[in-house]
Amino acid sequence: MLNPQLNKHGALQHLLTIDGLPREILSTILDTAAPFTEVAEREVKKLPLLRGKSVFNLFFENSTRTRTTFEIAAKRLSADVINLNISTSSASKGESLLDTVDNLCAMQADMFVVRHAMSGAPFLMAKHLADTGQEHIHVINAGDGRHAHPTQGLLDMYTIRHYKKDFTRLVVAIVGDVLHSRVARSQISALTTLGVPEVRVIGPKTLIPAAVDRLGVRVFHDMRAGLKDVDVVMMLRLQNERMKGALLPSPQEFFKYYGLTADKLACARADAIVMHPGPMNRGVEIDSAVADGRHAVILPQVTFGIAVRMAVMSMLAGS
Amino acid sequence: MLNPQLNKHGALQHLLTIDGLPREILSTILDTAAPFTEVAEREVKKLPLLRGKSVFNLFFENSTRTRTTFEIAAKRLSADVINLNISTSSASKGESLLDTVDNLCAMQADMFVVRHAMSGAPFLMAKHLADTGQEHIHVINAGDGRHAHPTQGLLDMYTIRHYKKDFTRLVVAIVGDVLHSRVARSQISALTTLGVPEVRVIGPKTLIPAAVDRLGVRVFHDMRAGLKDVDVVMMLRLQNERMKGALLPSPQEFFKYYGLTADKLACARADAIVMHPGPMNRGVEIDSAVADGRHAVILPQVTFGIAVRMAVMSMLAGS
Amino acid sequence: MLNPQLNKHGALQHLLTIDGLPREILSTILDTAAPFTEVAEREVKKLPLLRGKSVFNLFFENSTRTRTTFEIAAKRLSADVINLNISTSSASKGESLLDTVDNLCAMQADMFVVRHAMSGAPFLMAKHLADTGQEHIHVINAGDGRHAHPTQGLLDMYTIRHYKKDFTRLVVAIVGDVLHSRVARSQISALTTLGVPEVRVIGPKTLIPAAVDRLGVRVFHDMRAGLKDVDVVMMLRLQNERMKGALLPSPQEFFKYYGLTADKLACARADAIVMHPGPMNRGVEIDSAVADGRHAVILPQVTFGIAVRMAVMSMLAGS
């Protein structure tokens, strides 16, 4: 199987990473998400698409925020949602990841939403499901180590398309801690696949992986130069908890050079949009005046995120 | 806006505190709750009033008991309920209360049930919703610091009305740790608004706020004198966890002077009812013989509490 | 009342232990479970049998795995499920078990699923419900101390019946840490009641209770001798967390003598089935080659466990 995310008919079987997803699949997800944004406006925010399905939120790493977005998406599709915070349970009884998966499959799980500190854990699960002939069960990666967080990447693409319509004329800058980000690589991959002609990466040398220019992006260490005439500014969260000291002088220093202020943002196009995956470190990677300003589309990202997750879940359930 | 809890048509927009709620609103809530007590008796305890609505239990401070009552009330109204225990999540990532609120609003929340250690947190949220033009989202205060716990106050009023019918002839005594109680002030306010002619407060000097007599109550430090001929005895929970030593000699000493025993209760009217917000410290503020005796209406309070919460939720959702 | 689990019409009122349940009740539960295994195969895994009922998962001891099986079973029956992890809540506020129960009853609970470290806690609850005239509320024991875990025992019986059809010709061996197991005694009781002519118990002297032979079982300390010609091998989990040192030399030593390997399993009948309640300690009580081999019915046990729990819940709700 060349791409473990697609079934033999080329339909989405799992969502593990944006890397390698063909343009048509990306576009289909975005197209599918569009009507789901309208569900949220209705009096009764409920569709029966996953009625009677059992969706397991399998969080080996705590993330209330991400878990919540998937829980809402699944409940609006009428699924039965079961939250499992595994750090405090079977894992401590020495049960392996795959034994846990086998057990939940035996309980007739239909879908796993997985967050794991270990890169590759969702792939391992998907492979195991294939090996045991359980292709009717689907895996969605909700963040694995530093590797990927594909629904975040997808909602970013949805947001850009919503505001800018056409990917093929854009200059997009990704700013900040690219090294520790599990979304940056997905974003670069998705932007390229969707036809964005120029993707830039901005950050200090210590936070930009050496190999990033091989992905076809332009690297800037000076923020004003990097923001010059961009259409989209994608801020990254400064992953304090991942940082092993020494890479950064201080949050204040970081803010001085790479924090997005109105002043620096003035280098971008007048109609530029500013994005952030949240939660924001105000005064570290972004100034409150920008976070709450007219360029920011940070809250619409959250709204679109629910629709994108509903789209992915309904596509998987229908495959 | 004079009262942030009411919308421009005078209908309930948020439930933040009982203080300042007009008598008609209080009465409407109690009237609305009455039929909900019958729902609980049915074979299928379910009404579709909040179907497709997203209710967030936003608990910045742990309280399984209170969270459970709101969760049941919301589920019986067919809402989608999402429990967020925030102490262990975004808060630790440094996200501010209002950023959290903004994010959940962007996920199309319809209602927040908020518990917070900080007095005023639910007000801050309600103000923020008004400032950002999101009046369709409602806030229910489920306890903020020492300040208020309005659904507790309302269920107390419901209970009194249920057993005593007419507020305007009652003598009501509130007994115990008034200083640290977030319900005592709400109770005094509600009783006064609903026309109770005599409200008494009973407790040691160290646990009665100096200013309480300005609220129009009579203060007693001798329990037997305070209980003389009362119709309703409202016990308060001794907030061990809030007590900073030094205010009390010992639980045994407290029980001796202010613990409700059958003997002391004999000073009250023969048909007096005994209330307690739970969980009880048996043998500290109340003797088991009284807690389980014929005057106690402590468990009916719990039952009425579900109905009152359903009433508030359905009124807010309909406003 | 001779058997607190049966009501005056002889129907199941609570499920507290398998000990003393008459054969007809056991058979009825297994018969009732059968069609529920088919629900799980449907597109919409949902039945309305518990619609509008409030099922409380009351876990005084953490067990994500067990809690999940009951949560799924209840949700597939359309119940409203409320999870209460009590170790971190009221218990720490000093509220007693029975006060907690009274409160939840006052919230119109219909069913309690109880896990408690203290043997007898579910019995205490059932007795309290009878004493307070609340026979319409049902208790399911989800594991109390070392005492019982009846739904585990029932799903084991379901599994044996599924694969072996007739109990009355079987030789069944229970292997391992019988002393600390809360299922072993239930299993012995159920097997005997259902007519199994020969039940064996295999384990080191330190892990077999002295009185076990009074239950009518044959005791073996040599595993190969004990497995000779058995139809069913029921492995027990080595309760590391319950072991107080000194009873076992080491996990490696245990595996050498009592770990189920293909080699030892060859002593059993060629069509023997191997069961394990999970989670497995691979390489301690069972070898991976056996756990994943053709004799193992460990994952079907999990599947049948959901059906059995749905059966028990629907029988209780209908009684």
GNM top mover of A:82, A:160, A:174 - chain A, alpha-carbon springs below 10 Å: A:82
Cα-based shape type of the protein assembly as shown, given that a ≥ b ≥ c are square roots of the gyration tensor eigenvalues and the cut on a/c is 1.5: oblate
Kirkwood Rh and Cα Rg combined as Rg over Rh, evaluated for chain C: 0.97
For segment B:250-265 versus segment A:245-287, the gap between their alpha-carbon centres in whole angstrom: 61
Relative contact order, percent, segment B:161-231 [alpha-carbon distance under 8 Å, six or more residues apart]: 36
Karplus-derived 3J(HN,Hα), 6.51/-1.76/1.60, for each residue of segment C:28-35, Hz, glycine and proline x: 5, 4, 5, 5, 5, 5, 3, x
Those trypsin sites (Lys or Arg not before Pro) in segment B:101-176 that DSSP places in a loop and that have at most 13 other beta carbons within 10 Å: B:165
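What is segment A:150-302's relative contact order, in percent, from Cα pairs under 8 angstrom and six or more apart in sequence?
25
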Placed amide H near residue A:202: partners under 5 Å, 5+ positions off or other chain: A:174, A:175, A:176, A:220
At 7 Å out from Cα toward Cβ: residue C:253 inter-copy label distances (nm, ascending): 5.7, 5.7
Using distinct alpha-carbon pairs, which all enter the 1/r mean, Kirkwood radius of segment C:41-90 in Å: 11.6
Ascending list, in nanometres, of distances separating the residue B:31 label from those of the other copies (7 Å, Cα toward Cβ): 5.5, 5.5
Ranking of C:14, C:162 by count of other Cβ atoms within 10 Å, fewest first: C:162, C:14
Rg/Rg_ref, segment A:147-239, where Rg_ref = 2.2 N^0.38 Å and atoms are Cα: 0.97
Electrostatic dipole magnitude of segment A:150-302 [Cβ: Lys, Arg +1; Asp, Glu -1; Cα centre; debye, to 20]: 240
Label distances, nm, residue A:319 versus same residue in remaining copies, Cβ-directed 7 Å point: 4.5, 4.5
Residue-by-residue Karplus 3J(HN,Hα) for segment C:254-262, coefficients 6.51, -1.76, 1.60, Hz, glycine and proline x: 4, 4, 4, 8, 10, x, 7, 10, 4
Normalised alpha carbon radius of gyration of segment C:150-302 [divisor 2.2 N^0.38 Å]: 0.93
Subset of A:46/A:127; C:53/C:127; A:127/A:205 violating a 26 Å alpha-carbon distance limit: A:46/A:127; A:127/A:205
Where labels lie 7 Å past Cα in the beta-carbon direction, separation of residue C:215 and residue A:31 in nm: 6.2
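What is the sum of charges, Lys and Arg at +1 and Asp and Glu at -1, for the other residues whose Cβ falls under 12 Å from the Cβ of residue C:170?
Neighbourhood net charge equals +1.
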Computed [θ] at 222 nm, helices only, for chain B once each DSSP H run of length n ≥ 4 contributes -39500 (n - 2.57): -11000 deg cm²/dmol
Label-reachable residues, segment B:285-302, where backbone N falls under 18 Å from a point 7 Å from residue B:252's Cα toward its Cβ: B:285-288
Relative contact order computed over chain B (Cα-Cα under 8 Å; 6+ residues apart), in percent: 20
Degrees separating the helix A:97-106 axis from the principal Cα axis of chain A, which is the longest one: 50
GNM top mover of B:135, B:41, B:198 - chain B, alpha-carbon springs below 10 Å: B:41
DSSP-defined beta bridges in chain C - what % are antiparallel, rounded to 5: 5
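By its C-alpha gyration tensor, with a ≥ b ≥ c as the square roots of the eigenvalues, how is segment B:221-319 shaped: rounded for a/c under 1.5, else prolate for a/b larger than b/c, else oblate?
It is oblate, given that a/c is not under 1.5 and a/b is not larger than b/c.
Residues of C:267-278, mean number of Cβ from any other protein chain within 10 Å of their own Cβ, rounded to a whole number?
On the way: counts 0, 0, 0, 0, 0, 0, 0, 0, 0, 0, 0, 8.
Across the residues of C:267-278, the mean count of other-chain Cβ atoms within 10 Å is 1.
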Cross-link reach list, lysines versus residue A:164, counting only Cα pairs under 24 Å and skipping chain neighbours closer than eight places: A:228, A:264
0 to 90° range, to nearest 10: angle between helix B:150-164 axis and chain B longest Cα axis: 50
Scattering profile of segment C:1-137 at q = 0.09, 0.10 Å⁻¹ [log10 I(q)/I(0), Debye over alpha-carbon scatterers]: -0.30, -0.37
Residue-averaged beta-carbon neighbours from other chains (10 angstrom radius) around A:100-106: 6
Most fluctuating residue given options C:107, C:125, C:234, as computed from a GNM of chain C linking Cα atoms under 10 Å: C:107
With Cα atoms, 0 to 90° folded angle of helix C:121-131 axis to chain C main axis: 30
Averaged over B:64-76, number of beta-carbon atoms from partner chains that fall within 10 Å: 5
Innermost chain C residue relative to the axis carrying C onto B, by Cβ distance in angstrom: C:83, 5
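FYI, it's all coordinate maths here, none of it is from the lab. A quick note: this is a predicted structure, and the numbers were derived from the prediction, not measured. With ideal geometry, Cβ positions are generated from the backbone for all residues, glycine too; neighbour counts draw on all protein chains shown.
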